[in-house]
Amino acid sequence: MTVSFKEHGLTVPLTQGQIYFNYCWLRDNCPSSFDPQTRERIFDICSLAENPVALSAELSIDELVVHWANENHTSRFSLTWLEKWAKPSLRDDVAALPRSLWKSDHSNKLAKFNADTLSTNRTKLTQYAHALIVDGIALISGLEDSNQALTRLANLLGSVRPSVPGDYFDVRVHLDPVNLSYTASELELHTDTPAEELPPGIQFLHCRSNTVKGGVTVFLDGAAVAEDFRQSNPEDFEILSTTKIPFYYEHDNFDWRSRQKVIELDDRGNVSGLTISQHMADVNDLPQKELDSFYPALLRFGRLLRSEKYQIQIRLEEGQCIVFDNHRIVHGREAYAENSGNRYLRGCYIDRGELRSSYRTLVKKQK
Ligand code: OGA
Ligand code: ZN
């Protein structure tokens, strides 16, 4: 078996049979295209005057060697590397872990870690990042009562990423609240700040004190609800996963607006999150006729979301920090009696990409 030449590429005999590779792809990904120090691509395929075509190519035991026409260049590809690309699939990614969708019985299975252990034990840190990717939520205990404790915990996975209120936000009763979370009222099921173009990825809520009556926090796996909804209401699912609706967050000194889909899908077509926020949903500006089908779909989904079979309740205690995927994990809070004690949570965010980058790096270092 040898290399055979086609109009736009060539085929190579590999373990899975005669596999086709496009010429542009081969030339673009010639090993010489990558800088050995920075590991970045240093070749711009658009700099070629003509589209790459092989003049000749030969196979050795472990290499495919391509001599290019119109260019004084030879590419050498390891066959092991070509084997990896033989099947059309997304690039290998250790962080592309399947989500483990959960319901109310997740209360007993919630991943729990100690803050000090996470900062000294890399295996535990990897397990924590794994839980955040797979379950979307983890509970950390043992944080001291300081601003630094939250920063230290967040920095184990990435840099704090600013949001509307800045690097951090203080969830307690404010004199001039700009957000319902800064009151003692109930907070309906939501994901945080959908009015940002890219709403924050991973949320940290460090409980500094919680002695009030009420104020239990509720969490649910929005991906689990939406995947169930896909089965039961496929047409509604299609509407909510393709239609962008407006969100806003407006006050004297800021005016954020965005358009988001209620159901967010990943590159594989699986549900990766939701955008839900009654308090930040703007006046819907879809054509009124379109609303005839959009609203019923939203209402059916919203009712399912409220079903207790999906919810876990956590009464956060001083020294605990709940960490969760702000797109996937829908959360809310029951009202509390403001004068019955003290309630103070300090929050911040990192991005989801940082979580995955940290997880990949942790796994690499364990090998
Ligand atoms: C928030 C929030 C939960 C709580 O501030 O966005 O969801 O328990 N808070 O106060
Ligand atoms: Zn919130």
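The values are calculated or read from the model by the stated rules, or taken from the named source; none is laboratory data. Computed from a predicted model, the values in this text were never measured in an experiment. When we count neighbours, we look across all protein chains shown, and the Cβ atoms used for this are built from the backbone with ideal geometry, even at glycine.
Some points to look at:
- Residue list for the range 46-65, restricted to those being out of contact with any strand residue (DSSP E or B) (no Cβ under 9 Å at 6 or more places or on another chain) and within 14 Å of ASN22 (Cα to Cα): ASN51
- Filtered residues of the range 182-199 (kept if of a type in the set (A, V, I, L, M) and either within 11 Å of ligand 2 (Cβ to nearest atom) or in contact with a Cys (Cβ under 6 Å, 6 or more places away or on another chain) (or both)): LEU187, LEU189
Quick grid of which residues meet (1) away from ligand 2 (no atom under 13 Å from the Cβ); (2) closer than 18 Å to ARG352 by Cβ; (3) outside the structural domain of GLN320 (by TED's automatic domain parsing); (4) of a type in the set (A, V, I, L, M, F, W, C):
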| position | (1), (2), (3), (4) |
| --- | --- |
| LEU156 | yes, yes, no, yes |
| PRO177 | yes, no, no, no |
| GLY201 | yes, yes, no, no |
| SER209 | yes, no, no, no |
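- Counting the residues of the range 82-100 that are under 19 Å from ILE322 (Cβ atoms) and touching an Asp or Glu at 6+ places or on another chain (Cβ under 7 Å) gives 1.
- Residue in the range 72-84 that is over 30 Å from ASN270 (Cα atoms) and touching a Phe, Trp or Tyr at 6+ places or on another chain (Cβ under 8 Å) present: yes
- Candidate set: the range 211-229, residues that are assigned to a strand (DSSP E or B) and surrounded by fewer than 22 Cβ atoms within 10 Å (Cβ to Cβ); chosen: the one nearest to ligand 2 (Cβ to nearest atom): THR217
- Scanning the range 166-198 for residues that are aromatic (Phe, Trp, Tyr) and more than 9 Å from ligand 1 (Cβ to nearest atom) yields a single hit, TYR168.
- SER60 vs. criteria loosely packed, with under 14 Cβ neighbours inside 10 Å and hydroxyl-bearing (Ser, Thr, Tyr): yes
- Residue list for the range 305-325, filter: within 13 Å of ligand 1 (Cβ to nearest atom) and either within 15 Å of ALA226 (Cα to Cα) or acidic (Asp, Glu) (or both): GLU317
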